1. Counting only residues that are of a type in the set (Gly, Ala, Ser) and in contact with a Leu (Cβ under 8 Å, 6 or more places away or on another chain), which one in segment 1-41 is surrounded by the most Cβ atoms within 10 Å (Cβ to Cβ)?
2. Pairs under 9 Å by beta carbon, first residue in contact (Cβ under 8 Å) with a residue 40 or more places away in the chain in segment 87-103, partner exposed (fewer than 15 other Cβ atoms within 10 Å of the Cβ) and charged (D, E, K, R), six or more apart or different chains?
3. Report, by residue number, each residue of segment 5-36 that is at pLDDT 95 or above and within 20 Å of LEU94 (Cβ to Cβ).
4. For VAL74, state whether it is within 18 Å of MET1 (Cβ to Cβ), in contact (Cβ under 8 Å) with a residue 60 or more places away in the chain, part of a loop (DSSP other than H, G, I, E, B) and hydrophobic (A, V, I, L, M, F, W, C).
5. Just for segment 44-95: of the residues that are among the β-branched types (Val, Ile, Thr) and under 22 Å from GLY30 (Cβ atoms), which one is nearest to the chain's Cα centre (by Cα)?
6. Evaluate the following for LEU61: is it modelled with pLDDT under 95, in contact with a strand residue (DSSP E or B) (Cβ under 9 Å, 6 or more places away or on another chain), closer than 20 Å to TYR4 by Cβ and among the aliphatic types (A, V, I, L, M)?
Amino acid sequence: MARYEAAGYRVVARNWRCPLGELDLVLVRGPTLIFCEVKTRSGSALGGGYEAVGWQKQRKLQHLAEAFLAASAVLADEVRFDVATVALALDGGLTVHVFESAF
């Protein structure tokens, strides 16, 4: 989230929930509303976080985004879906990579 805020994004919602599930981050920058799925990994045995967002998860996130738009007063000219991967290092450090327009 800090990475987005440093780049001028405004956080609209964090861990937004509805009966369909949860959206990790909803942000806005200019005319674009961004739905960001955050995946954290402590190792590479299961692959990177980005790989965990397959077509089924993408479809679910799209449905969640529709539910968010229907339930909120947020208006946007554009909608974008990002995936942020957080890798935990053995020394406790974090590496964050954001895949903009991931799907």
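1. ALA13
2. Listed by first residue and then by second, the contacts come to VAL96/ARG3; VAL98/ARG3.
3. If the condition is that a residue be at pLDDT 95 or above and within 20 Å of LEU94 (Cβ to Cβ), then TYR9, VAL11, ARG14, ASN15, ASP24, LEU25, LEU27, CYS36 are the ones that fit.
4. Yes; evaluated as a whole, the condition is true for this residue.
5. VAL83
6. no
The rows are residues; the columns are (1) of a type in the set (Lys, Arg); (2) surrounded by 15 or more Cβ atoms within 10 Å (Cβ to Cβ); (3) part of a loop (DSSP other than H, G, I, E, B).
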{"site": "ARG59", "(1), (2), (3)": "yes, no, no"}
{"site": "GLU66", "(1), (2), (3)": "no, no, no"}
{"site": "ALA70", "(1), (2), (3)": "no, no, no"}
{"site": "VAL83", "(1), (2), (3)": "no, yes, no"}
{"site": "ALA87", "(1), (2), (3)": "no, yes, no"}
{"site": "LEU90", "(1), (2), (3)": "no, no, yes"}
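The values are calculated or read from the model by the stated rules, or taken from the named source; none is laboratory data. Just so you know, these numbers come straight off a predicted model, no measurement behind them. Every residue, glycine as well, gets a Cβ built from its backbone with ideal geometry; the counts of neighbours run over all protein chains shown.
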